[in-house]
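Here the structure comes first, spelled out in structure tokens, and everything after it is commentary.
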Amino acid sequence: MENTPQKTALITGATSGIGKATAQLFAAHHLRLVLCGRRQERLDELAQKLSQRTEVHTLNFDVRDRNKVFESIQSLPEAFSHIDLLINNAGNAHGLDPIQDGSLDDWDAMMDINVKGLLYVSKAILPGMIARRSGHIINIGSTAGKEVYPNGNVYCASKHAVDALNQGMRIDLNGKGIRVGAINPGMVETEFSEVRFKGDTQRAAKVYQGFAPLRPEDIADLIWFTVTRPPHVNIADLTVMSTDQASSTIVNRK
Ligand code: NDP
Ligand code: 8X3
């Protein structure tokens with residue numbers, strides 16, 4: 001990729017965790033960046049830092065707000081408007097409750113952000129990719145999209161939906177010059193569990209205690225590997241776990 005014209009990547013959920021690590025790695029490789037998220041101060045801070053390495057534009061929108069998604073992406077300055085790489089990463093779990101006790105607000109958040117948000121952003125970006133017959137979409141799924149674990153119910157359903165959409169996009173875009181693939185991580189230490197447990201940092205920290213979880217940089221590395229394969233190679237579906245993790249419920253903790 002270093003010897004080809006500079007590519008433009010749009011990353012949702014760039015203010016934290018996997019998205020932020022990916023933005024940092026892409027900047028190190030001088031990709032032009034469109035960084036998206038709701039927390040403007042974090043976007044500003046990251047943009048300021050990464051603009052020492054590359055051109056950066058920020059977009060502040062909630063992926064649940066379909067009008068704002070389309071307005072924001074249509075507002076991109078010409079230099080940033082041809083998106084070559086879309087990293088559909090924004091998402092979170094909200095709550096960890098048995099289905100009978102689940103909060104409707106948590107359910108709405110997960111389905112609206114993880115599934116519908118991914119759809120809105122993709123719908124806004126796809127016409128340009130189709131017109132240029134070129135593009136690469138990476139959907140960040142999860143092992144929760146491959147198996148269901150106790151109390152994971154709706155989060156797992158949202159990530160199973162991402163798995164289905166990843167397949168559906170690849171099928172429908174076949175022949176249009178666009179690569180589509182998913183990366184499905186197991187447990188990665190980010191702000192994910194803090195969000196899931198609504199700011200309970202002690203409970204969140206316990207999720208990653210006693211074993212070596214994946215780091216957001218590990219996922220960024222895999223994303224970089226995926227987007228730097230030759231044009232005829234599409235990594236369709238990649239699942240990655242910590243060496244200490246064998247499934248959603250089997251983790252070798254000291
Ligand atoms: P973080 O909580 O660290 O990051 C989540 C990112 O998503 C933030 O940048 C946040 O930005 C953004 N986001 C959340 N809600 C919205 C929204 N409504 N609109 C726009 N942006 C939003 O978690 P991770 O980095 O771990 O999560 C990234 C992705 O990886 C998610 O899809 C998650 O499901 C997936 N994943 C995570 C795993 C893990 O164990 N950590 C494992 C497998 C998959 P802001 O709040 O500024 O809007
Ligand atoms: C995040 C991994 O196991 O917490 O998608 O659901 S898990």
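The values are calculated or read from the model by the stated rules, or taken from the named source; none is laboratory data. Here the structure is a predicted model, which is why all the values come from computation and not from measurement. Positions of Cβ are generated from backbone atoms using ideal geometry, with glycine treated the same way; all protein chains shown enter the neighbour counts. To get the accessible areas, we keep the full protein, side chains included, count just its heavy atoms, and leave off ligands, DNA and RNA. Shrake-Rupley method; radii C 1.70, N 1.55, O 1.52, S 1.80 Å.
What size of dipole, in debye to the nearest 20, comes out for the chain about its Cα centre when the only charges are +1 on Lys and Arg C-beta atoms and -1 on Asp and Glu C-beta atoms? That gives the chain a dipole magnitude of about 520 debye.
As an exercise, identify the trypsin sites (Lys or Arg not before Pro) in segment 96-159 lying in DSSP coil whose Cβ has no more than 11 other Cβ atoms within 10 Å. Working shown, then result.
Details: sites: Lys116, Lys123, Arg132, Arg133, Lys146, Lys159; in loops: Arg133, Lys146.
Passing sites in segment 96-159 are Arg133.
Using a Gaussian network model on the chain with a 10 Å cutoff between Cα atoms, which of Gln209, Gln167, Gln100 fluctuates the most? Top of the fluctuation ranking is Gln100.
For segment 8-240, list log₁₀ I(q)/I(0) at each q in 0.14 Å⁻¹, using the Debye formula over Cα point scatterers of equal strength and ignoring solvent, two decimals each. Relative scattering, expressed as log10 I(q)/I(0), comes to -0.87. The distance separating the Cα centre of segment 206-245 from that of segment 136-157 comes to 15 Å. What FRET efficiency would be calculated for the residue pair His29, Val233, taking the C-beta separation as r and a Förster radius of 22 Å, to the nearest 0.05? The calculated FRET efficiency here is 0.75.
Where in segment 73-93 is the amide nitrogen less than 19 Å from a point lying 7 Å along the Cα-to-Cβ axis of Arg132? Label zone hits: 73-89. Take the Kirkwood radius over Cα pairs of segment 177-220, plug it into Stokes-Einstein at 20 °C and 1.002 mPa s, and you get 180 µm²/s for translational diffusion. Asp112 sits with roughly 40 Å² accessible to a 1.4 Å probe, with DNA, RNA and ligands left out of the calculation.
Applying a DSSP loop filter and a limit of 15 other Cβ atoms within 10 Å to the GluC sites (Glu not before Pro) in segment 58-163 leaves Glu147. Counted residue by residue at 0.36 nm each, then reduced by the alpha carbon distance between them, the extension gain from Val148 to Asn67 reaches 25.9 nm.
Per residue, the convex hull around the alpha carbon atoms of segment 1-126 comes to 106 Å³. For segment 195-249, the set of trypsin sites (Lys or Arg not before Pro) satisfying both a DSSP loop assignment and a count of at most 12 other C-beta atoms within 10 Å is given as Lys198.
Using 11 Å as the cut-off for backbone N distance, which residues of segment 144-186 belong to the label zone defined by a point 7 Å from the Cα of Ser247 along Cα→Cβ? Residues passing the 11 Å test: 147-150.
Straight-distance candidates among the lysines for linking to Lys68, with alpha-carbon spacing under 24 Å and chain neighbours fewer than 8 residues away dropped: Lys20, Lys116, Lys123, Lys159. Neighbours of Trp107, meaning other residues whose beta-carbon lies under 15 angstrom from its beta-carbon, give a summed charge of -1 when Lys and Arg score +1 and Asp and Glu score -1.
Each other residue within a Cβ distance under 13 Å of Pro150 adds +1 if Lys or Arg and -1 if Asp or Glu, for a net charge of -3. Name the residue, out of Asn184, Asn88, Asn174, whose mean-square fluctuation peaks in a Gaussian network model built on the chain with Cα pairs under 10 Å. Ranking Asn184, Asn88, Asn174 by mean-square fluctuation puts Asn174 first. Mean-square fluctuations from a GNM of the chain, with a 10 angstrom spring cutoff on Cα atoms, peak among Ile235, Ile99, Ile73 at Ile99.
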